Structures are given as C-alpha cells and as structure tokens.
Amino acid sequence: MQAPKIYSTAIAAEWIDYNRHLRDAYYCLVLSYASDALMDRVGLDAAYRQRSACTLYTLEQHMHFLHEVMDSDRLDVHVRLLAADRKRIHAAFDFYCARYS
C-alpha cells in the first residue's frame, strides 16, 4: 500500500538547470512545502502556529536521488510517518513522478 499523497506540484521553469533537470536545491523547496502540508494535515496549521507559537522544524534530512526530474514533470510527494511522540515527528517523504510509475 502506497503512503498517502500529501503534496503535488508542477516544476517551475526557474527551478531547472542547463540540462532540463530539477536543480538540487529545489528538491528541498518541494520537501519544505510538503512539510507544511503535513503540519496542516495533523492540526499544526497556521491558526495553531499563531496561537501556540509552535511549529515543526527540520533537524536532519537525507536525500536519495533515484531518478531525474525534468522540466515537464509533476512531482507528487507521499509521506510515511515512521515515529512520533509529544515533541517529534519522524517522517519519510517519497517523491514520485508519473514518468517512472
């Protein structure tokens, strides 16, 4: 069973390098937006953050590039919650693009 899709985006032209590939830094940007979507999904939305002055932040990040993402692709980000406690969420974000499905 595939993990639920949390975020989806088209690839913006300014994110592309000279080979028509997604620049490394923009994988991180997409991950950041997916993290925001996860916060919204679990109730840590803008209203909660305003009220509590609390949020999530990235402590550690590992990326594995299994396929290239091109300028014509769309990325879907799925999330797997690996562990959680009162103060932490350990999540894995998997990026999918239709060309490789």
Restricting attention to the stretch 5-17, does a residue exist that is at pLDDT below 95, among the aromatic types (Phe, Trp, Tyr) and either out of contact with any Ser or Thr (no Cβ under 7 Å at 6 or more places or on another chain) or over 13 Å from Phe95 (Cα atoms) (or both)?
no
Of (1) surrounded by fewer than 11 Cβ atoms within 10 Å (Cβ to Cβ); (2) over 22 Å from Arg99 (Cα atoms), Glu14 fails just (2)
Give the residue that is surrounded by the fewest Cβ atoms within 10 Å (Cβ to Cβ), with candidates limited to residues of the stretch 72-91 that are of a type in the set (Asp, Glu) and in contact (Cβ under 8 Å) with a residue 60 or more places away in the chain.
Asp76
Residue by residue through the stretch 85-101, note down the ones that are more than 12 Å from Arg74 (Cβ to Cβ) and touching a helix residue (DSSP H, G or I) at 6+ places or on another chain (Cβ under 8 Å).
Ile89, Ala91, Phe93
For the stretch 1-15, name all the residues that are closer than 18 Å to Met63 by Cβ and free of Cβ contacts under 8 Å to residues at least 60 places away in the same chain.
Trp15
Residues of the stretch 17-36 being open to solvent by less than 60 Å² (accessible area, probe 1.4 Å), more than 11 Å from the chain's Cα centre (by Cα) and without any contact (Cβ under 8 Å) to a residue 40 or more places away in the chain, which ones?
Asp17
Restricting to the stretch 37-71, what's the tally of residues that are surrounded by 13 or more Cβ atoms within 10 Å (Cβ to Cβ), in a helix (DSSP H, G or I) and aliphatic (A, V, I, L, M)?
3
Out of all the residues in the stretch 92-101, which are part of a helix (DSSP H, G or I) and surrounded by fewer than 12 Cβ atoms within 10 Å (Cβ to Cβ)?
Ala98, Tyr100
Could you list all residues from the stretch 1-23 that are farther than 22 Å from Arg80 by Cα, outside any loop (DSSP other than H, G, I, E, B) and of a type outside the set (A, V, I, L, M)?
Glu14, Trp15, His21
For the stretch 45-71, pairs from a residue that is under 25 Å from Ala12 (Cα atoms) to a residue that is among the β-branched types (Val, Ile, Thr) and open to solvent by less than 60 Å² (accessible area, probe 1.4 Å), with Cβ under 7 Å and 6 or more apart or across chains, are Val69/Ile11; Asp71/Ile11; Asp71/Ile16
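The values are calculated or read from the model by the stated rules, or taken from the named source; none is laboratory data. As the structure is a computational prediction, the values presented were derived from the model and not from experiment. With ideal geometry, Cβ positions are generated from the backbone for all residues, glycine too; neighbour counts draw on all protein chains shown. Heavy atoms of the whole protein, side chains included, go into the accessibility calculation; ligands, DNA and RNA do not. Shrake-Rupley method; radii C 1.70, N 1.55, O 1.52, S 1.80 Å.
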